[in-house]
Amino acid sequence: MLKTKLKRLRRFESLFRFGLLLVLLGISYVFAMFQGGFVSWFIFYSFLPFAVYAFLLLFYPLQGFKVERIVPKRNLKAGESIKIDITLKRKVPFPILFLVVEDILPSDIHSEQYKQLVFPGFKRKIKLQYSLKVARGEHRWEGIRLITGDILGILKKERWFDLQQTILVYPQYEELIYKPLESRFEHGGAVNPLQFQRDTSLVSSVRQYQPGDRVSWIDWKATARTNSMMTKEFEVRQSNDLMVVLDRENTLHFEVSVQFAASLVKTIIQHGGKLGFFSVGTTVTYIPIRGEEMQKNIIFHHLARVLPNCVTPFVHVMNKELAPYQQTATIVVITSSVTKQLVDGLSEETRRSGGMIIYNIKKRGTSVNKDEGKYISLANQRGIMIKTLYEGQFQMAFSEVLQA
């Protein structure tokens, strides 16, 4: 509908300019006929070449151009620069005084060279190039616009060429110093929020009931024999598997959170670890736990497109949606805002899961406010580990956890 209206408007504009050209030509001719003399006819004959060129340009088809945009790479990393090549070809070498070539950029990409003025003359082939820096995301080019006109500015011609192309820009990442999270169990500690996973399918022995044991662990036969409440003792199983949970709340630190998530995923898979991914926004994305390079590609593809569009407290969605997928894995929550709701919700999840780490990610030069500091202390009292990391200081993320 909008395109149809624009076409009608352009046709009306072309007819108006054509009419204006005829009127000016007619006025100069009538003036020469009635006034006579050298000056009046000189004005007419001086204007005549410009009018003839404008008439010829009016009927010259800009759609005769063949336009091509060459994007060297379709997958890039945030902050990289790329060079875009534009090639114009035509068969009829009509003399064009000037040509404005405008590449319609995606709304979130900016470049001062996207619009260029060239003087084609009789050239059949024109090559242009411009460079730009790209931010994380999926960027889509729509088309290229050509604009030309006559030297007096009376006539204007415009043509749109549909050239839709898409590039995917992955987030930046840092190389982390890798240490398996299971090694922290060797350090001991009075309160350790990461516990070994118990394999409830393998019973090793029975023991006296202790506060905190689940009802489902009670061995009723042993209880009847001993006339004392007995619970099953299960084999403890170690696991390096991680479930990474990304909070997509719209904050100033969101891009840094995505960078840390990418750094974490790359490092763990590079060192042979296995992980899954759970992303909470207006839509919930769940990627099961796997290893290998393919898993990294799948998660990075998601991180390239992900937007900060979480409108409800993500911890509520996480507790509800992640529960069916519980595996013997440590949950790693990446957020940039520690709130009372988050601490309360994670307290619930910690009791149900095998272990949890929360990374509070901040941009460089910012600090934890008083409220966050209060809630972090509350979380530590409840046995929930929250570590604050700043942009550019991700390398020691694993070491920071081990020292806690």
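The values are calculated or read from the model by the stated rules, or taken from the named source; none is laboratory data. Just so it is clear, the structure is predicted and the values come from calculations on it, not from any experiment. Positions of Cβ are generated from backbone atoms using ideal geometry, with glycine treated the same way; all protein chains shown enter the neighbour counts. When the accessible area is computed, the model is the full protein with side chains, heavy atoms only, and any ligands, DNA or RNA have been set aside. Shrake-Rupley method; radii C 1.70, N 1.55, O 1.52, S 1.80 Å.
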Rolling a 1.4 Å sphere over the protein heavy atoms, what is the accessible area per residue of segment 20-178, to the nearest Å²?
56
Counting Lys +1, Arg +1, Asp -1, Glu -1, what net charge surrounds residue 70 among other residues with beta carbon under 11 Å of its beta carbon?
+2
Under 5 Å between amide hydrogens, which residues at least 5 positions from residue 388 or on another chain qualify, with H placed 1.01 Å from N in the peptide plane?
360
Hey, can you grab everything whose amide H is under 5 Å from the amide H of residue 155? Only 5+ residues off in sequence or another chain; H modelled, so Pro and N-termini drop out.
150
Please list, ordered by chain and number, the residues whose modelled amide H lies under 5 Å from the amide H of residue 331; skip anything fewer than 5 residues away on the same chain.
243, 355, 356, 357
Rank by packing, highest mean first: peptides 250-258, 266-274, with packing defined as the count of other Cβ atoms within 10 Å averaged across residues.
250-258, 266-274
With a Förster radius of 51 Å, plug the Cβ-Cβ distance of residue 309 and residue 30 into 1/(1 + (r/R0)^6) and report the FRET value to the nearest 0.05.
0.20
Straight-distance crosslink candidates among lysines, where the alpha carbon sits under 28 Å from residue 221 and sequence neighbours closer than 8 are dropped:
232
Over 24 Å between alpha carbons, listed pairs 83/127; 363/387; 266/340; 83/266:
266/340; 83/266
Sparse-neighbourhood loop sites, trypsin sites (Lys or Arg not before Pro) in segment 44-93 - DSSP loop, at most 13 other Cβ within 10 angstrom:
73, 74, 91
For residue 138 and residue 20, what does the FRET efficiency come to when R0 = 41 Å and r is the distance between their Cβ atoms, rounded to the nearest 0.05?
0.40
Gain in span if fully extended, residue 297 to residue 39, counting 0.36 nm per residue against the direct Cα distance
85.3 nm
Contour excess over end-to-end distance, with Cα ends at residue 382 and residue 92 and 0.36 nm allotted per residue:
96.6 nm
Could you compute the FRET efficiency for residue 364 and residue 316, with r as their C-beta to C-beta distance and R0 at 41 Å, rounded to 0.05?
0.85
For segment 85-139 versus segment 281-322, the gap between their alpha-carbon centres in whole angstrom
38
